[in-house]
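Structure first, then comments.
The values are calculated or read from the model by the stated rules, or taken from the named source; none is laboratory data. All values derive from a computational prediction rather than experimental measurement. All Cβ positions, even for glycine, are placed from backbone atoms using ideal geometry, and neighbour counts span all protein chains on display. Heavy atoms of the whole protein, side chains included, go into the accessibility calculation; ligands, DNA and RNA do not. Shrake-Rupley method; radii C 1.70, N 1.55, O 1.52, S 1.80 Å.
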Amino acid sequence: MLLKISYFLKHFAYEMKNYHKAIIFPLFLLFLFCFQCVISGDKEALLSLKSSIDQTNILQWEGTDFCKWEGVKSCFKNRVSKLVLENKKLSGTLDATIINQLDQIRVLSFKQNSIFGQIPNLSHLTNLKSLYLSHNNFSGEFPASFATLHRLKTIVLSGNALFGHIPASLINLQRLHILYLDANNFTGKIPPFDQDSLKHLNLSNNQLSGEIPATGVLSRFNSTSFSGNIDLCSNAFGIPCGFGFAPYASITPATPTPSFTGKRDHHGRVTKIITIIAFVVGGLSLLCVVTLLVLVLRKGRRNIARFADSKAAAPIVVGAATDTADGKNGNRGFSMENGDGGRVGVLVFCGNGDTEMSYHLEDLLKASAETLGRGTVGSTYKAVMETGFIVTVKRMKDAMYPNLDEFCRHVEVIGKLRHKNLVPLRAYFRAREERLLVYDYFPNGSLFSLIHGSKTSSGGKPLHWTSCLKIAEDLAAGLLHIHQTPGLNHGNIKSSNVLLGSDFESCLTDYGLMSLKNPNTTEESAAVSHFYRAPECRDFQNLSSQQADVYSFGVLLLELLTGKAPSHDLVSDHGSDLHTWVKSIRQKETDSSGEEVSSEKLAALLNIATACVSVAPENRPVMREVLRMIKETRMEPAPAHVSSNSSDHSPGRWSDTVQSLPRDDHLSI
Ligand SMILES: Nc1ncnc2c1ncn2[C@@H]1O[C@H](COP(=O)(O)OP(=O)(O)OP(=O)(O)O)[C@@H](O)[C@H]1O
């Protein structure tokens, strides 16, 4: 375009044959063009401004005389000198190139709109005296260019989201009369304003810090000009510096400054509340983190102490040997004491041979614990001590508690039982409200797992007949040992309470504990436990008995023979067809020599089971008789007197020559 014009001018001059005239003429045209631009410049600037902040067309700017448009309060020589667009719901950003075209403006106000973005560089508005941008959504830093506007008297930027420092260069504005920067996020120090012109100052509710400069001008303002800045201090205001925390926010003005709006006060309160909440939340979070850390650190060695001392809530003192429950046996015990020396918990070792066990209460308290399961009696844990020694700890449910003395008497009896087919109770922890039993840990799992695998379904593959007989004999021997203590019974025979020892011998556990149960408790046992129970004991009010144990043992034999867990009442379901049902389940089996097993062997075991599950307790054989029959079935002559030492059988004898079965009145297939 310019090239075209110059070409035209050159051509025109050539035609005129007068180069001087050719230069003057285009300059004249250019002057006319520029004059027209200036005349209509503010109009164009205003329309551009409208299109950037008035998209909803609130401003009805029509007509050629823009000096009469809404908000254009005055013009000077056809230029806008005062533009006041307050509370017009304007929204958008201010474009510096547009605003700076209004360079004759003296007063510019966009108060109480929703204009956002940075406050533009207004360095071309050299005539600007008053700028009101308060209560919008301006963000960004204070424009340093303001310091160059030497005519500025009023700067009102309150209620925005401005941040950063207040430029120290503002002290050069020698006409500055009003400076309101309250309710923003300004940080840093207050510049040392000292211009006499400054009569109104509000810097409240920011995040200013440091000492208020002790200038003569600033000292004229009262504390309300500075309130709501939590890190400001001033010796003049009696808020000493050097204490790290100068609560300017808490200063209550003696004479409130009228210009402080409700919004600012509200903002101050909100800031205070947020600060307090932040401290509280921060404190609580710190507490949670510390607690979590402690828990995580202790997780690796999840502590028996958690259940051992949780209720006692007492510091543990370990080391002093104490007496057993009755104070007579002299078994070694280690006590847990409260602060005043009163004994609240004792670990008592049972059987005489166990007094030299290689751990103390302290070791147990430090052991890591893994939950093995939760049953009728309580929760069972595998506890691994720091030495690597492993024990099983059973924490008894509240419902199981008789009074402490009764508990101790009973557990002392159980703790003395030693038999190769019983899981030994090594120690017990007695405290006011806590009962722990410590057993050997059996790593080979339970009979339940052996029969049913890890599945909890009732279906499983029946064990080989030799295993059935071996297990039956082991359990009968263990149970007989219990029954040899007058009045003592197991009370909870089931396959999960049979553990496999190091030689895969079967060992009864959890014996003698059901009688500790409070008879008034309404707590029901699991369904599977229910059908092991003798019919006369299914009502929980009725205590278990040795005859009831025999019934449960019979059910366990049926489970061995069929591989079916008693999820329903096997006995009453199958009645007289029990034999047919069992036979139908078992395939033909051979012994180790490859010879087909006489059905008589299995028939004999089934006969024993059937006898045990007689509905009438008086028709059930006693355990001595049951053991004898099982032994005879395995071709082993039953001893005249069965004792704990007499039931030692090696697995090698399982497939001995088949002999004829003994006949019993109860047993007929
Ligand atoms: N001394 C032990 N060594 C290894 N595992 C054990 C020991 N004692 C129990 N268990 C296993 O821990 C698990 C939970 O046992 P727990 O006695 O708490 O429940 P349960 O036998 O299912 O029910 P109940 O309390 O009625 O006897 C069971 O699988 C059990 O076989």
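Need one number for segment 69-112: average projected area of the convex hull over its C-alpha atoms, nm². Mind dumping the intermediate values first?
On the way: hull surface 12.7 nm².
The directionally averaged projection comes out at 3.2 nm².
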What ranking, highest mean first, results for peptides 547-559, 403-415 when packing means the other Cβ atoms within 10 Å averaged over each residue? 547-559, 403-415
Heavy-atom accessible surface of segment 74-202: percent carbon and sulfur, 1.4 Å: 49 percent
For a label point 7 angstrom out from the Cα of Phe389 toward its Cβ, which stretches of segment 423-442 have the backbone nitrogen within less than 17 Å? 424-429, 437-442
Label points 7 Å out from Cα along the Cβ direction at Ser139 and Ser169: separation in nm? 2.4 nm
Where labels lie 7 Å past Cα in the beta-carbon direction, separation of Val290 and Gln55 in nm: 5.1 nm
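At a 10 angstrom cut-off on C-beta neighbours, averaged per residue, how do the peptides 171-181, 281-291, 616-626 rank from highest to lowest? Each step should come with its number before you reach the end.
Numbers: 171-181: 19.2, 281-291: 10.1, 616-626: 17.0.
Highest-to-lowest ranking by the protection proxy: 171-181, 616-626, 281-291.
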From largest to smallest, what semi-axes in whole angstrom does segment 41-118 give when each is the square root of 5 times an eigenvalue of its alpha carbon gyration tensor? 18, 14, 12
How long, wide and thick is segment 90-175, going by the Cα atoms along their three principal axes, in whole angstroms, largest first? 31, 28, 19
Taking amide H positions as placed 1.01 Å from N in the peptide plane, with prolines and chain starts having none, which residues 5 or more places from Ser379, or on another chain, fall under 5 Å of its amide H? Arg395, Lys397
Give me the count of lysine pairs in segment 81-221 whose alpha carbons sit under 29 angstrom apart, restricted to pairs 8 or more positions apart or on different chains. 20
If I model a spin label at Glu62 and Lys89 as a point 7 Å from the Cα along the Cα→Cβ vector, what separation in nanometres do I get? 1.9 nm
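Over all alpha-carbon pairs in segment 167-222, figure out the percentage whose distance exceeds 16 Å. Don't skip to the end; give the middle numbers.
Numbers: 581 of 1540 pairs.
In whole percent, the long-distance tail amounts to 38.
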Going 7 Å from the Cα of Asp577 in the Cα-to-Cβ direction, what parts of segment 600-624 have a backbone nitrogen less than 17 Å from that spot? none
